[in-house]
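Step one of this worksheet: look at the structure below.
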Amino acid sequence: MDKTTSNDSLTQDFDLSDHLPLIEEFFLDLVNTNYSQETVDNYRRDLEIFAAFLIERTIRFDDLNKLDLSRFVEFLRTGAYLPVYKRIRGDIGPEKSSGSSDKQKSSSKGSRRRSMYSGRLSSRSVNRMLSALRSYLRFLIDSDQNVPVPPDAIKLIKTEKKETQVAELEELIRLVEAPEELEKKRNVRFRNRAMLEMLFSTGMRISELINLDLEDLKIEDSGGLGDSKIYILGKGRKQRFVYLTERCTFYLERYLSIRKDDYPALFIPYRGSRSGTKDPYVVRISTNYLQSKIKQYRVHLGIVVPTSAHSLRHGFATYIAENGANPAIIQRLLGHASLSTTSKYVHASDKVAEKTHKQFHPLKNRTRD
């Protein structure tokens with residue numbers, strides 16, 4: 001751990017292991033403990049930014065102290081990390097994968113990557129980076145290595161609290177139905193309607209939807225679905241069932257009836273992404289496409305509340321909660337590790353709050369004196 005850090009490192013070929021001891025072993029440990037490749041890539045990027053801070057401030061890892069940790073937070077929050085990180089990476093293009101998988105699937109990394117390189121980071125993004133550093137230090141301790149500061153010395157910062165708005169139920173239904181009116185091509189209309197129906201029927205994440213394969217469904221010889229539930233691999237490699245409504249099943253079967261190809265992905269693009277690849281798993285609809293379509297539909301329908309694929313997941317949780325669903329069951333349906341995460345989704349709407357106030361307030365039947 002006695003390697004020297006200097007600003008010259010910013011212009012030379014950057015090797016993370018020159019600045020952080022056992023770093024590749026740390027990433028391997030993440031893989032071996034079943035962290036997703038996306039999580040491993042995020043940790044790599046976060047620790048590259050930490051290494052960029054050490055290089056820019058000419059701090060040796062062994063000499064890191066608590067004051068340096070405070071300066072690192074400032075480095076992130078002010079956007080000072082950006083030009084330094086650009087220099088060590090050469091550009092801000094896609095990261096190199098630290099591993100390989102048997103399926104090259106789309107994910108929602110693109111939008112997060114753009115926000116990462118836009119300058120000032122949100123408190124949530126800063127905390128994720130601090131958590132990555134904390135995990136790395138704990139790994140070093142578990143590996144019988146000395147660490148310059150204890151992991152618990154890394155304090156997370158206070159996050160901004162904001163309540164996400166949810167569109168009215170009828171607005172979300174109109175959004176799901178929008179492809180019928182706005183898409184002229186039958187294959188695009190059938191596919192997009194099926195995707196939106198699945199998001200709202202199941203409450204799944206957009207990355208979970210995009211990564212579905214035909215083999216994940218139980219498809220009968222007749223072409224119909226033999227089961228109304230799907231077993232998926234969600235965030236953190238956690239497995240769970242999601243459930244299709246009868247309406248969703250209808251539109252999914254309609255879409256499947258026009259699929260005459262051998263691509264494994266459930267939802268495929270009809271132009272652009274097929275050319276120039278020999279890997280059939282690359283032929284998969286992108287998150288950017290679906291998000292842009294949802295925005296297009298929302299604008300056309302005049303829905304004022306900002307609405308995305310995640311809004312359909314949020315709306316799913318909100319409206320089944322309003323109909324009396326148990327929060328613990330909603331937690332299971334959403335694939336959350338803790339009920340506290342679910343509580344951020346399952347908040348009462350203003351309409352229900354007003355109704356509850358009128359119904360249960362102790363002075364509801366009292367008139368003025």
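What number of residues within the stretch 303-342 satisfy the criterion of being closer than 19 Å to Thr245 by Cβ and either among the aromatic types (Phe, Trp, Tyr) or surrounded by fewer than 19 Cβ atoms within 10 Å (Cβ to Cβ) (or both)?
Residues that pass the stated criteria total 10.
If I go through the stretch 288-302 residue by residue, how many of them are of a type outside the set (S, T, N, Q) and surrounded by fewer than 20 Cβ atoms within 10 Å (Cβ to Cβ)?
Adding up the residues that qualify gives 6.
With respect to Ile232, is the statement that it is under 22 Å from the mean Cα position of the chain (by Cα), surrounded by fewer than 20 Cβ atoms within 10 Å (Cβ to Cβ) and touching a residue at least 12 places away in the same chain (Cβ under 8 Å) true?
Taking the combined requirement at face value, the residue satisfies it.
Could you list, in sequence order, all residues of the stretch 48-60 that are surrounded by fewer than 19 Cβ atoms within 10 Å (Cβ to Cβ) and in contact with a Ser or Thr (Cβ under 8 Å, 6 or more places away or on another chain)?
Thr58, Ile59, Arg60, listed by residue number.
Filter the stretch 138-154 down to the residues that are of a type in the set (Gly, Ala, Ser) and over 30 Å from the mean Cα position of the chain (by Cα) and list them by number.
The one that is of a type in the set (Gly, Ala, Ser) and over 30 Å from the mean Cα position of the chain (by Cα): Ser143.
Mind checking which residues of the stretch 31-68 are among the hydrophobic types (A, V, I, L, M, F, W, C) and either over 19 Å from Leu16 (Cα atoms) or free of Cβ contacts under 8 Å to residues at least 24 places away in the same chain (or both)?
Leu67, the sole residue that qualifies.
Within the stretch 88-95, is even one residue assigned to a helix (DSSP H, G or I) and either modelled with pLDDT under 90 or touching a Pro at 6+ places or on another chain (Cβ under 8 Å) (or both)?
Yes, the stretch 88-95 has at least one match.
Evaluate the following for Ser111: is it of a type in the set (Gly, Ala, Ser), surrounded by fewer than 16 Cβ atoms within 10 Å (Cβ to Cβ) and either part of a helix (DSSP H, G or I) or at pLDDT 90 or above (or both)?
Judged against the criteria, Ser111 is a match.
Looking at the stretch 126-150, which of its residues are of a type in the set (Gly, Ala, Ser) and either part of a helix (DSSP H, G or I) or outside the structural domain of Leu20 (by TED's automatic domain parsing) (or both)?
Within the stretch 126-150, Ser131, Ala132, Ser135 meet the criteria.
What single numbered condition from (1) among the aliphatic types (A, V, I, L, M); (2) farther than 20 Å from Val299 by Cβ; (3) under 24 Å from the mean Cα position of the chain (by Cα) fails to hold for Ile219?
(3) is the only condition that Ile219 fails.
I'm trying to understand the selection: among the residues of the stretch 53-63, which are under 8 Å from Val84 (Cβ atoms) and in contact with a His (Cβ under 9 Å, 6 or more places away or on another chain)?
Ile55, the sole residue that qualifies.
Hey, can you tell me all the residues within the stretch 248-262 that are hydrophobic (A, V, I, L, M, F, W, C) and either under 12 Å from Leu214 (Cα atoms) or in a helix (DSSP H, G or I) (or both)?
Residues satisfying the conditions are Cys248, Phe250, Leu252, Leu256.
Failed condition for Leu244, given (1) over 27 Å from the mean Cα position of the chain (by Cα); (2) surrounded by 17 or more Cβ atoms within 10 Å (Cβ to Cβ), with all others met?
(1)
I'd like the full set of residues that are part of a helix (DSSP H, G or I), of a type in the set (Lys, Arg) and farther than 14 Å from Ala309 by Cα, limited to the stretch 175-207.
Answer for the stretch 175-207, where residues must be part of a helix (DSSP H, G or I), of a type in the set (Lys, Arg) and farther than 14 Å from Ala309 by Cα: Arg186, Arg189, Arg191.
Count, please, the residues in the stretch 152-178 that happen to be at pLDDT below 80, in contact with a helix residue (DSSP H, G or I) (Cβ under 8 Å, 6 or more places away or on another chain) and charged (D, E, K, R).
Qualifying residue count for the region: 1.
Got at least one residue in the stretch 188-199 being in the same structural domain as Arg247 (by TED's automatic domain parsing), surrounded by 15 or more Cβ atoms within 10 Å (Cβ to Cβ) and touching a strand residue (DSSP E or B) at 6+ places or on another chain (Cβ under 9 Å)?
yes
The values are calculated or read from the model by the stated rules, or taken from the named source; none is laboratory data. Computed from a prediction, not measured in an experiment: that's the story for all the values here. Glycine also receives a Cβ, built like all others from the backbone with ideal geometry; neighbour counts cover every protein chain displayed.
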